[in-house]
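This report concerns only the one structure given below.
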Amino acid sequence: MPDDLFAKEGFELMGAAFEVHATLGGGMAEEIYQESLEIELGMRSIPFESKVPLRASYKGQQLLKEYFPDLLLGEGLVAELKSVIKLLPE
């Protein structure tokens, strides 16, 4: 898989996320940022899906549990949104 496979989508996502943060500032709940980012992505005509179930497998065996990423962009870029007061090492 080439290193730049999701470079364009990642750059566009970061631009939209920075715009949301510049507009709203800090201190909001994650759900507020997610809904705002979805609006911003739509305004920028960036295709995405929200909270879609993804199937996972382990060593070739399908898992019963599904994964619901916050956003799925383009051809498979997964974005998990977090709202924190301060960035920590973890």
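The values are calculated or read from the model by the stated rules, or taken from the named source; none is laboratory data. Values in this document were obtained by computation on a predicted structure and should not be read as measured data. Using ideal geometry, Cβ is built from the backbone for each residue, glycine included, and neighbour counts are taken over all protein chains shown. Areas reflect the complete protein model, heavy atoms only, side chains present, ligands, DNA and RNA absent. Shrake-Rupley method; radii C 1.70, N 1.55, O 1.52, S 1.80 Å.
In whole percent, how big is the carbon plus sulfur part of the accessible area of the chain, probe 1.4 Å, protein atoms only?
The computed percentage sits at 60.
Need the list of lysines near K82 for cross-linking: C-alpha distance under 23 angstrom, and skip anything on the same chain fewer than eight residues off.
Cα-Cα hits under 23 Å: K8, K51, K65.
If you line up the long axis of helix 7-24 against the longest principal axis of the chain, both from Cα atoms, how many degrees apart are they, to the nearest 10?
Roughly 40 degrees between the two axes.
Taking only protein heavy atoms into account and a 1.4 Å probe, give the accessible area per residue of the chain in Å².
78 Å²
Listed highest first by mean packing, meaning other Cβ atoms within 10 Å per residue, what order do 55-63, 77-85 come in?
Going by the mean number of other Cβ atoms within 10 Å, highest first, we get 77-85, 55-63.
Using a 1.4 Å probe on the protein heavy atoms only, what accessible surface does I32 show? Give it in Å² to the nearest 10.
80 Å²
What order do you get for 41-54, 7-20 when each peptide is scored by the mean count of other beta carbon atoms within 10 Å, highest first?
The densest-packed peptide leads the list: 7-20, 41-54.
Segment 1-78: D in µm²/s via Stokes-Einstein (Kirkwood Rh, Cα pairs, 20 °C, 1.002 mPa s)?
For these conditions, the coefficient is 153 µm²/s.
Summarise the long-distance tail of P(r) for segment 38-90 by giving the % of C-alpha pairs beyond 16 Å.
Summing the P(r) tail past 16 Å for segment 38-90 gives 57 percent.
Rounded to the nearest 20 Debye, what is the dipole magnitude of the chain about its Cα centre when Lys and Arg each give +1 and Asp and Glu each give -1 at the C-beta?
300 debye
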